[in-house]
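Every read-out reported here was derived from the displayed coordinates using simple, explicitly stated rules and does not represent laboratory data. Note that the coordinates shown come from a computational prediction; the quantities given were computed from them, not determined experimentally. Here Cβ is always computed from backbone atoms with ideal geometry, including for glycine, and neighbour counts include all displayed protein chains.
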């Protein structure tokens, strides 16, 4: 396949993904940034789901970032600093990723990168209740 044809296919695919993205109101740049971050988090998400459900080949879809919180390390008077690679005033992140399972259930995975290697890892997870999903759907639909 020629490079022009590859570029055209890539542009078409990107446009299709952006049109069908669940991020209502997000700019194309924000959607691209979310996709890039989710791609980087994919190994962590895959490992987490595999451990939660004891699956060798975890299955999930429709992942999206629900929340990103920036944290800053601090040292309180007479208190040890937080055990992170970033010492006194540096940043680390707390990201919540929502994924869909084949049976229709949805999970929120909370990932942190406050380790020495700054790699993300699962801190906790929760199954999203049906009532919460219905409420989110109701508020996201225009009247």
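Please compute the length gained on full extension between residue 133 and residue 36, using 0.36 nm multiplied by the number of residues separating them and subtracting their Cα-Cα distance.
32.4 nm
Please report 63, 70 as a ranked list, fewest other C-beta atoms within 10 angstrom at the top and most at the bottom.
70, 63
Could you work out how far apart the two model spin labels at residue 108 and residue 53 are, taking each label as a point 7 Å from the Cα in the direction of the beta carbon, and quote it in nm?
Between residue 108 and residue 53, the label points sit 2.0 nm apart.
Got a sec? How would 72, 66 order by Cβ neighbour count within 10 Å, fewest to most?
72, 66
Separation between the residue 29 and residue 93 pseudo-spin-labels, each 7 Å from Cα along Cα→Cβ, expressed in nm?
Once both label points are built, they end up 1.6 nm from each other.
Using mean Cβ contacts within 10 Å as the protection proxy, how do 25-33, 115-123 order, highest first?
Ranking the peptides 25-33, 115-123 by packing returns 115-123, 25-33.
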